[in-house]
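The values are calculated or read from the model by the stated rules, or taken from the named source; none is laboratory data. Just so it is clear, the model here is predicted, and its values are computed rather than measured. Here the Cβ positions follow ideal geometry from the backbone for every residue, glycine too, while neighbour counts run over all protein chains shown.
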Amino acid sequence: MGREPKHVQPPIHNRLQVLRAERGLSRQQLSDAVGVNYQTIGYLERGDYSPSLDLAFRLAEFFDLPIEAIFARTPFAGAPALPVGRVNAGYSPDRPPVMGSRH
């Protein structure tokens, strides 16, 4: 008998690269603001790494957005099927705003 296959989690799509660009922030500036290494921001943007719940909350608080406006299990409207950083997509001006407030 072999090992049971591990559950493969779907990718976490995000809008970090777009949000960072809209605000004129470098990866270093964003990483300093949320307390991680700048390379972590790159890994997140490329979809190579899924954030911890704590990091997702820190990013949401920094951008003053609900977590679901930054991260999703499915691609954002108008985005290709790949995680954001791989295709520089994920933002669509036609996407309706996410309802609800964090504050």
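Remarks
- Some residue of the stretch 72-82 being of a type in the set (Gly, Ala, Ser) and at pLDDT 90 or above: yes
- Among the candidates ARG27, ARG58, residue that is in contact with an Asp or Glu (Cβ under 9 Å, 6 or more places away or on another chain), modelled with pLDDT of 95 or more and of a type in the set (D, E, K, R): ARG27
- Residues being assigned to a helix (DSSP H, G or I) and surrounded by fewer than 16 Cβ atoms within 10 Å (Cβ to Cβ) - total across the stretch 44-57: 3
- For GLY85, the conditions (1) buried (at least 17 other Cβ atoms within 10 Å of the Cβ); (2) modelled with pLDDT of 95 or more; (3) assigned to a helix (DSSP H, G or I) are fulfilled apart from (2).
- Residue pairs whose Cβ atoms lie under 7 Å apart, separated by 6 or more positions or on different chains, with the first residue in the stretch 47-58 and aliphatic (A, V, I, L, M) and the second modelled with pLDDT of 95 or more, are LEU55/VAL34; LEU55/VAL36; ALA56/ILE67; ALA56/PHE71.
- For the criterion of being crowded, with 17+ Cβ neighbours inside 10 Å, of a type outside the set (S, T, N, Q) and not in a helix (DSSP H, G or I), LEU25 passes.
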